[in-house]
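Below you'll find the structure, written out as structure tokens, and then a few comments.
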Amino acid sequence: MTKDNRVSNGITLDPENWTELRALGHRMLDDMIDYIEHVRERPVWQPIPQQAREHFRTKLPHQPARLEDAYEEFSRFVAPYATGNVHPGFMGWVHGGGTAVGMLGEMLAAGLNANLGGRDHMPIEVERQIVAWTREMFGFPDGASGLFVTGTSIANLLAILIARTAALGRATRQSGIAAQSAKLRAYTSTSAHICVAQAMEIAGLGTDALQKIPTDERFRMDIAALRKAVAEDRAAGLEPFLVIGTAGTVDTGAIDDLLTLSEICRQEKMRFHIDGAFGALAVWSPELAPLVRGIERADSIAFDFHKWGQVPYDAGFLLVRDGELHRDTFASPATYLRRETRGLAAGSPWPSEFGPDLSRGFRALKTWFTLKTYGTDRLGAVIARTCDLARYLEQRVRTEPQLELLAPAQLNIVCFRYRADDTANAKIVADLHESGVAVPSTTIINGQMAIRAAFVNHRTQICDIDAMVDAVIRLGSVAASR
Ligand SMILES: *Cc1c(COP(=O)(O)O)cnc(C)c1O
């Protein structure tokens, strides 16, 4: 094609034949709904064949190819070798199962191709609706702000940056933090997620400024140890400014004593942030909500709709009590003072003033569809049910002589082991993954390798747990007899 006829020939990326595209699109949708409906019939996970890997190591395509062919490659090489978290046998880490409803919401969002950085359009009102709903969920005031982000890792980072602004003042956005930050101290438990330490690094405060407080026998932050650390730091001339509590630790599902932590923060004039990645949504279950009592007193809460909330990845969220402080941490006056009051450029404040992202996708839509379709009562019941499943597994482990419980079921997580050494237990878990029967993960509990099952997926049933336990015992007898 010559440069001269490019303008006149109407070249775009739209299909030449919409009827064909429509037919293929319908087939893709049918295939994917089938995939979800019949996921139980597949292995949870399977190792990626070398041929599939090779297939994704080709040169950059310069020439067009048929969508049908690309779809064929997806069907053969990608879909069968996905993570497996859609499958009821997935019990590893903390992964949500997603829903077909959420998938459809994501598809509609992609069609609108909205940019939720700012401006005056309805998709932003959908996100504002979710912000209002999260305020309601956690008993936060009207002035509280909220923002969709990728996940809790980023939400925790933003919360630490906001706490940094609270401690050092807005002027440090210009001056940098070097001069004033050296004395700041934050506190979290040794069971906190690794992303908390990482956020301290990225925020320029460094991990030396993060005190890891030991945990009690239930893996919760030891309150007496926290009080002592804060007092000692004050005596040493340091400035305690932030406590990061966890509602649902990754290892064991432990929930810090949020009420007492909020009280200590009030007395000591520290900010209180909660990493509630999955546990925060316990508020949807009347039965579990008392476990996170005190969450309503936090200065900020980070959590994921993509874990217990079953919204497809990714849908992390940050809720901040003081919306002005939140905006002061990220907004650039240069852009928002010029804001229009009418036309598409209106709609202030824009979501981009509450975080570092300017272009933002429409994560709110799949979340809105999920909340509208199921309602928080049903979602809360699904969450409570995952905890019932953990108690069932705990019981089964107690009755199997070859198995040993390493941490009692807290919330939805159980840590146990086959009575053999760490190497054998690691082997059992890897064998189990490769068998396609179930996917638990591992962790270290009191110095011992544990098989860790976390129930997050709404599809998991008692039969999936039985299949996992039976396989552990079978593989364990092989692993231990080597
Ligand atoms: C999953 C998790 C995180 C990280 O959240 P992402 O959404 O993966 O970024 C942080 N803290 C806890 C307790 C978690 O369970």
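The values are calculated or read from the model by the stated rules, or taken from the named source; none is laboratory data. Nothing here was measured: the structure is a model prediction, and the numbers come from that model. We place every Cβ from the backbone using ideal geometry, glycine too, and count neighbours over all the protein chains shown.
Annotations for the structure displayed:
- Sub-6 Å Cβ pairs linking a first residue in the stretch 246-265 that is farther than 12 Å from residue 411 by Cβ to a second residue that is within 11 Å of the ligand (Cβ to nearest atom) and modelled with pLDDT of 95 or more, at least 6 apart or interchain, are 256/245; 256/246; 258/245; 261/245, ordered by first then second residue.
- Residue, modelled with the highest pLDDT, within the stretch 218-240, restricted to residues that are basic (Lys, Arg) and part of a loop (DSSP other than H, G, I, E, B): 220
- Yes/no for residue 457 being closer than 26 Å to residue 138 by Cα and at pLDDT 95 or above: yes
- Residue count, the stretch 401-416 (criterion: closer than 22 Å to residue 291 by Cα and crowded, with 23+ Cβ neighbours inside 10 Å): 7
- Qualifying positions in the stretch 362-400 - surrounded by fewer than 18 Cβ atoms within 10 Å (Cβ to Cβ), farther than 15 Å from residue 414 by Cα and among the basic types (Lys, Arg): 372, 378
- Members of the stretch 213-240 that are of a type in the set (A, V, I, L, M) and away from the ligand (no atom under 16 Å from the Cβ): 223, 224, 225, 226, 229, 230, 231, 235, 236, 238
- Qualifying positions in the stretch 15-50 - part of a helix (DSSP H, G or I), closer than 20 Å to residue 461 by Cβ and not acidic (Asp, Glu): 35, 36, 39, 40
Every residue, every condition in (1) under 29 Å from the mean Cα position of the chain (by Cα); (2) outside any helix (DSSP H, G or I); (3) surrounded by fewer than 17 Cβ atoms within 10 Å (Cβ to Cβ); (4) within 15 Å of the ligand (Cβ to nearest atom), yes or no:
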| site | (1), (2), (3), (4) |
| --- | --- |
| 179 | no, no, yes, no |
| 186 | yes, yes, no, no |
| 204 | yes, yes, yes, no |
| 250 | yes, yes, no, yes |
| 266 | yes, no, yes, no |
| 273 | yes, yes, no, yes |
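- Residue 198 vs. criteria touching a Ser or Thr at 6+ places or on another chain (Cβ under 8 Å) and buried (at least 17 other Cβ atoms within 10 Å of the Cβ): no
- If you filter the stretch 105-150 down to residues that are closer than 15 Å to residue 354 by Cα and within 16 Å of the ligand (Cβ to nearest atom), you find that the one that is surrounded by the fewest Cβ atoms within 10 Å (Cβ to Cβ) is 150.
- Filtered by the rule that a residue be more than 14 Å from the ligand (Cβ to nearest atom) and either part of a strand (DSSP E or B) or in contact with a strand residue (DSSP E or B) (Cβ under 7 Å, 6 or more places away or on another chain) (or both), the stretch 278-296 gives a lone residue, 291.
- Looking across the stretch 297-315 at every residue that is under 14 Å from residue 275 (Cα atoms) and near the ligand (Cβ under 8 Å from one of its atoms), the one that is surrounded by the fewest Cβ atoms within 10 Å (Cβ to Cβ) is identified as 304.
- Residue check, residue 243 within 16 Å of the ligand (Cβ to nearest atom), in a strand (DSSP E or B) and either touching a residue at least 24 places away in the same chain (Cβ under 8 Å) or touching a Leu at 6+ places or on another chain (Cβ under 7 Å) (or both): yes
- Taken over the stretch 105-132, residues that are in contact with a helix residue (DSSP H, G or I) (Cβ under 7 Å, 6 or more places away or on another chain) and either over 14 Å from residue 351 (Cβ atoms) or β-branched (Val, Ile, Thr) (or both) amount to 8.
- Look at the stretch 304-326: where a residue is under 23 Å from residue 142 (Cβ atoms) and of a type in the set (Val, Ile, Thr) and a partner is more than 9 Å from the ligand (Cβ to nearest atom) and assigned to a helix (DSSP H, G or I), sitting 6+ places away or on another chain with Cβ atoms under 7 Å, you get 320/162; 320/326.
- Restricting attention to the stretch 21-60 and to residues that are of a type in the set (Val, Ile, Thr) and closer than 20 Å to residue 87 by Cα, the residue that is surrounded by the most Cβ atoms within 10 Å (Cβ to Cβ) turns out to be 44.
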